[in-house]
Amino acid sequence: INQIGGVRQDALRWHPNGLALDVMIPNPTSEAGVALGNQIVAYVMANAKRFRDGVTKAGLSVKEGQTPIVPVMLGDAKLAGEMAKALLDEGIYVIGFSFPVVPKGEARIRVQLSADHTDAQIDQAVNAFATIGKRLGVIKS
């Protein structure tokens, strides 16, 4: 980047499934570069699936999708804010979204997974969502 609000010297390449990847891949147009990019996408998608499956099994509702961003649907704006704060207190950095960012009644917590998250970190996040979800009455047990 030449300046804030500037342009990149190289084009930001898009992966065929629509995810923008801006990682330092040596020679991204080579066979090895494409393979490495595909490997990174596979990691992030596997991590998103692990999280999505975990919180769903715990009793939370997630918006369907095939992306590394997993919206945990809560509906209530105040609840989304409270849960996001409680998760932050547990070391899980997530963002609560509500109207006008999303439609009324569709408040959510946005969770973004990366290829660098470990299984242990994802499991820690799932456990925190489950514990806090029960405490706040989101998960009925």
Here the Kirkwood hydrodynamic radius of segment 37-86, Cα-based and in Å, equals 12.0
When the Kirkwood radius is taken over all Cα pairs of segment 74-122, what Stokes-Einstein diffusion coefficient follows at 25 °C and 0.890 mPa s, in µm²/s?
215
Scan around Val111 for amide H atoms under 5 Å from its own, H built in the peptide plane at 1.01 Å from N, and keep only partners 5 or more places away or cross-chain.
Val70, Val72
Over segment 70-133, what relative contact order in percent results from Cα pairs under 8 Å that are six or more residues apart?
38
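Values in this text are rule-based calculations from the coordinates and carry no lab data. Quick caveat: nothing in here was measured; it's all calculated off a predicted structure.
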